[in-house]
Amino acid sequence: MIDNYPTRAEALALLHEYTKSDSLRRHALGVEQAMRKMAEKYNGDTDMWGLTGLLHDFDYEMYPTLEEHPYKGNAILKEQGYPESICNAIMGHATYSGVPRDTDMAKALFAVDELTGFIFAVTYVRPSKSILEVQPKSVKKKLKQRSFAASVSRDDIFQGIDELNVDVTEHIQFVIDALQEKAEELGLKGVH
């Protein structure tokens, strides 16, 4: 349980205040879902890990530069009473921040962030547009195609998997499974 800091409803309001695009909001919800499942796997606080995923990019739309994101958002989170563990994990998801990922929560955020976005992209190009049909094999195949979802850092995806010390296929399947649980809410159920 979360004590003495903002609730999910407050975090969602903050996300909506700073993030207007549906795609970035869906990304935040997808990373939140993956982080909640990661918390279960690593015996973490599901609410805290979920908030970390939900808010990791909340400032990105307003402050997209390397000089601003996630620094501006981090300052806002501290002002609003978010704990250091959340702030540090969010800072650590930006490799250029210099903030080490020294907790399971920080490593998990880094390991699911780019991968979640990539899995969304893989889902959108399927004829059905359904995550229910996405397999690790197709994600791995698309990862090799540099022109596909070119803005997604493959280096970050593989570095995150290495830092967690997990199998690539199992981790991809884990994130797919997490997203499948919320397929409708995330707009990934598709057209059957």
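Residues that are surrounded by 17 or more Cβ atoms within 10 Å (Cβ to Cβ) and under 16 Å from the mean Cα position of the chain (by Cα) were ranked within region 1-23; the one that is farthest from G187 (Cα to Cα) is A11.
Return yes or no: is F58 assigned to a loop (DSSP other than H, G, I, E, B) and either within 21 Å of T7 (Cβ to Cβ) or within 16 Å of the chain's Cα centre (by Cα) (or both)? In short, yes. Here region 99-129 is the region considered, the condition is being assigned to a loop (DSSP other than H, G, I, E, B) and of a type outside the set (A, V, I, L, M), and the residue that is surrounded by the fewest Cβ atoms within 10 Å (Cβ to Cβ) is P127. Of all residue pairs spaced 6 or more apart or on separate chains, those with beta-carbon atoms under 7 Å, a first member in region 29-58 that is farther than 14 Å from A11 by Cα and a second member that is part of a loop (DSSP other than H, G, I, E, B) and of a type in the set (D, E) are A39/D45. Among residues belonging to region 145-163 that are of a type in the set (S, T, N, Q), without any contact (Cβ under 8 Å) to a residue 12 or more places away in the chain and farther than 18 Å from L24 by Cβ, point out the one that is surrounded by the most Cβ atoms within 10 Å (Cβ to Cβ). Going through the qualifying residues, I end up with Q145. Just one of (1) under 19 Å from Q33 (Cβ atoms); (2) in a helix (DSSP H, G or I) fails for K189. It is (2). Entry remark, region 164-180: residues being of a type outside the set (V, I, T) and loosely packed, with under 15 Cβ neighbours inside 10 Å number 4 in total. Looking across region 1-20 at every residue that is outside any helix (DSSP H, G or I) and in contact with a helix residue (DSSP H, G or I) (Cβ under 9 Å, 6 or more places away or on another chain), the one that is modelled with the highest pLDDT is identified as T19.
Taking the condition in contact with an Asp or Glu (Cβ under 8 Å, 6 or more places away or on another chain), at pLDDT 95 or above and not in a helix (DSSP H, G or I), does G44 pass? Give the steps one after another, and end with the answer.
Values: in contact with an Asp or Glu (Cβ under 8 Å, 6 or more places away or on another chain): yes; at pLDDT 95 or above: yes; not in a helix (DSSP H, G or I): yes.
Yes.
Among the residues that make up region 56-64, is at least one of them modelled with pLDDT of 95 or more and under 18 Å from I119 (Cβ atoms)? Yes, the conditions are met somewhere in region 56-64.
Screening A94 against (1) out of contact with any Ser or Thr (no Cβ under 9 Å at 6 or more places or on another chain); (2) closer than 25 Å to L188 by Cα; (3) surrounded by 15 or more Cβ atoms within 10 Å (Cβ to Cβ) leaves a single unmet condition, (2).
Is it the case that L51 is over 17 Å from A106 (Cβ atoms) and modelled with pLDDT of 95 or more? Show your work before the answer.
Numbers: over 17 Å from A106 (Cβ atoms): no; modelled with pLDDT of 95 or more: yes.
Considered against the rule, which asks whether it is over 17 Å from A106 (Cβ atoms) and modelled with pLDDT of 95 or more, L51 comes out as no.
For A28, state whether it is closer than 19 Å to Y60 by Cα and at pLDDT 95 or above.
On the way: closer than 19 Å to Y60 by Cα: yes; at pLDDT 95 or above: yes.
When the stated conditions are applied, A28 passes them.
Across region 137-165, the number of residues qualifying as within 17 Å of the chain's Cα centre (by Cα) and not in a helix (DSSP H, G or I) comes to 4.
Pairs linking a residue in region 81-101 that is closer than 13 Å to H69 by Cα and in contact (Cβ under 8 Å) with a residue 40 or more places away in the chain to a residue that is of a type outside the set (G, A, S) and surrounded by fewer than 16 Cβ atoms within 10 Å (Cβ to Cβ), with Cβ atoms under 6 Å and 6 or more positions apart or on different chains, do not occur.
The values are calculated or read from the model by the stated rules, or taken from the named source; none is laboratory data. Since this is a predicted model, take the numbers as computed values, not measurements. FYI the Cβ positions are ideal-geometry reconstructions off the backbone, even for glycines, and counts take in every protein chain you see.
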